[in-house]
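Please treat every number below as a calculation from the coordinates, not as lab data. Given the structure is predicted, the values throughout are model-derived calculations rather than measurements. Quick reminder, even Gly has a Cβ in these numbers, built from the backbone with ideal geometry, and neighbours come from all protein chains shown.
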């Protein structure tokens, strides 16, 4: 397999495994009395991320890999693991709020929305690994619009806990 195909396979397997983790955590949180907020925009967010991965695959599967950009992507995965480990069973792809204090350790000590910072950076870096500048630009704009909606919904949902 080429480096590009291995890279794309990693992204696909990673995202699918995260959906499995998120579904399990969501069910557990809801069973504990948590509430979901902002569910209306969730299908749009899933479609946007699915389109991003599809664009990477369709336009990048046979491209050469930029090793410096790949190194940046690998560093981002360390950040991803830190975020997921910090949130543990509270991590999900939805806005699920437990009536408990917010997590204030790990990367959350330094920034309010580290997972969104990670995703913003990944949406730029992953296409650059494959030389797809236009994918990085287009999905950065789409993601900015999505995050404008999502972060407002999340901040409203978390306001009573702050």
Q | Rounded to 10°, Cα long-axis angle of helix 42-60 versus longest principal axis of the chain | A | 10
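Express in nm, to one decimal, how much length is gained between residue 32 and residue 161 on full extension, taking 0.36 nm for each residue of separation and deducting their alpha carbon distance. Please list the in-between numbers first.
Numbers: separation 129, 0.36 × 129 = 46.44 nm, distance 1.66 nm.
Full extension from residue 32 to residue 161 adds 44.8 nm.
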Q.
Helix-only estimate, please: 222 nm mean residue ellipticity of the chain, summing -39500 (n - 2.57) across DSSP H runs of length 4 or more and dividing by its residues, to the nearest 500.
A. -24000 deg cm²/dmol
Q. How far, in nm, would the chain grow between residue 1 and residue 13 when pulled straight, counting 0.36 nm per residue and subtracting the alpha carbon separation?
A. 2.8 nm
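Suppose a student asked you for the relative contact order of the chain, using Cα pairs under 8 Å spaced at least 6 residues apart; what percent would you report? List each step's numbers first, then the result.
Working: 155 pairs, mean separation 56.6, N = 162.
It rounds to 35 percent for the chain.
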**Q.** Label selected from [x] 10, 33, 30, 16, 8, 3, 1, 0; [y] 9, 26, 20, 9, 8, 7, 7, 6, 5, 3, 1, 0; [z] 10, 37, 36, 15, 3, 0, the criterion being P(r) over Cα pairs in 10 Å bins from 0, in percent as computed here
**A.** [z]
Q.
What distance in nm separates the two pseudo spin-label positions at residue 46 and residue 24, each 7 Å out from Cα along the beta-carbon direction?
A. 1.9
Q.
I'd like the distance separating the alpha-carbon centroids of the stretch 1-29 and the stretch 56-82, in whole Å.
A. 14
Q | Neighbour-count ranking [beta-carbon atoms within 10 angstrom, fewest first] of 79, 7, 110 | A | 110, 79, 7
(Q) I'd like the orientation of helix 133-158 relative to the chain: the angle between its Cα long axis and the longest Cα principal axis, in ° from 0 to 90, rounded to 10. (A) 0
Q: Could you please rank 2, 86, placing first whichever residue has the fewest other Cβ atoms within 10 Å of its Cβ?
A: 2, 86
**Q.** Angle in degrees between helix 67-87 and the longest Cα principal axis of the chain, rounded to the nearest 10
**A.** 20
